[in-house]
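Comments concern the structure below.
Readers should treat all values here as calculations from the given coordinates under stated rules, not as data from a laboratory. This structure is a prediction, so every number in the text was calculated from the model and none was measured. Reconstructed Cβ throughout: ideal geometry from the backbone, glycine too, with neighbour counts over all protein chains shown.
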Amino acid sequence: MTDPSKRTLTGYLLDRGPTRFRKSWSDNLCQVASDRTMRMTETSAAFIPAPMEGHGGYNRGSRVQAAGASKAVPLFAGAANTVPLADAQETIVIADYGSSEGRNSLSPIAAAIRALRDRVGLERAISVVHTDLPDNDFQTLFQTLANDPDSYLRGDPAVFASAIGRSFYQQLLPSCSVTLGWSSWAVQWLSRTPSSIPDHVQVAYSHNAAARAAFTKQSADDWRTFLMSRGRELRPGGTLVVQTMALHDNGDFGYRGVLEAMCAALKSLCDEGFISAEELRRMTIPTVGRSRADIAAPFSPNGRFADLVMEHVEVFDGDDRIWREFERNRDAAEFGAQWAIFSRASVFPTLARSLKGGPTDPRAPAFFGKLEAGMAARLSMAPGQMDIPLASVVLVKETAQARSTQASADSAANTGP
Ligand code: SAH
């Protein structure tokens, strides 16, 4: 007999799905999918990712993310130690791209401020600009900055925090104004859903070639757009540290058990008639894991892109805190509950956009509750460690001097024998 944990997700769905589901989320869908691929080129709200769960939901449900990003914090502090600073009393600008409700930004930003204070003293003004999508819960962000005991604002009257509600797939800040940029767990979110995924919610587990190709292209385009925008905003010598979801070198996206539970729970919501087959079909998570090669691609062949040089790229395993807790307490229900909360806080709002009435559909609160309960119950039946492939990247904007040296080297190479 096959080991259930080794089955592919699609295999899992097809094996376990009742006939109605099997038809709707496999065979028939291939037909429907090609039409929908066309329609998804529209910029309809259903195909734009939603921000994380509001009212502090993300702050409370993102401990896995906090653990994952902690590995990139020393890179950010290191950048703060060495980044060139303007001589004058110019304000030092730190930008945070995709802050959500701010809890997980406190530690990296505080680490950078500590390093900067060692260099410039207590008087120099530091401006911290958090950015996220317009619908993000900025109220919770500001409350977190004001009230959290770990807020970097505590005891430092020369730090000034503000926020911008616009997509980071455009320039958000004036050219050459940002000294340090930070982004964690954010650029895996695409600017839009480029195509339906007929056999899954997550493209990494889809066997549909057209969907995979559309996501691959969107992922490459969005990464370039993100880099070009940051390339304009950074000061020469300024540094951007990005931590994001990744693919292991063997192509693995991870989170297998969580996604199996999500698909199975969604399917049973459809079977019980709570959501329609059409709504289920629309439900897609527009996130991608990028491989080391995907991250490096824009920098080929000469190591530069959009005035940025990639100084460091690393793919590593995120710490599965939920599994470690389970190993300590053997509490399977708690294990299931924690991964369900993780999913609720990060992706349920995007799934809910596919309800017929959108995010304000009257079923949305019950959809959250039922899906969370369905996932928790399934996950608690067979606790297992999740793979959490993550990448950290350090990008430095070239100085004018480095650019002109490079330009001479390029022209010498072009006029060679
Ligand atoms: N940085 C935090 C939060 C990550 S959650 C952490 O490390 O835990 C991902 C955040 O990225 C969400 O708040 C989401 O709204 C935001 N996001 C996704 N796409 C975005 C875009 N195009 N522009 C700005 N923010 C975006």
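For the reader, a short list of remarks on this structure follows.
- The residue pairs whose first member lies in the range 77-103 and is over 27 Å from LEU133 (Cβ atoms), whose second member is part of a loop (DSSP other than H, G, I, E, B), and whose beta carbons are closer than 8 Å, counting only pairs six or more residues apart or on different chains, are PRO84/THR399; GLN89/ARG124; GLN89/ALA125.
- Residue within the range 236-252 that is touching a helix residue (DSSP H, G or I) at 6+ places or on another chain (Cβ under 6 Å) and among the polar types (S, T, N, Q) present: yes
- Residues (assigned to a strand (DSSP E or B) and over 15 Å from the mean Cα position of the chain (by Cα)) located in the range 225-274: LEU234, ARG235, PRO236, GLY237, GLY238, THR239, LEU240
- Filter result for ALA69 (more than 11 Å from the ligand (Cβ to nearest atom), assigned to a helix (DSSP H, G or I), touching a residue at least 60 places away in the same chain (Cβ under 8 Å) and crowded, with 24+ Cβ neighbours inside 10 Å): no
- Some residue of the range 401-408 being touching a Gly at 6+ places or on another chain (Cβ under 8 Å) and surrounded by 14 or more Cβ atoms within 10 Å (Cβ to Cβ): no
- Residue selected from the range 83-124 under the condition of a type in the set (Val, Ile, Thr) and not in a helix (DSSP H, G or I), by the criterion farthest from the ligand (Cβ to nearest atom): THR91
- Among the residues of the range 353-367, those that are assigned to a helix (DSSP H, G or I) and touching a Leu at 6+ places or on another chain (Cβ under 9 Å) comprise ALA364, PHE367.
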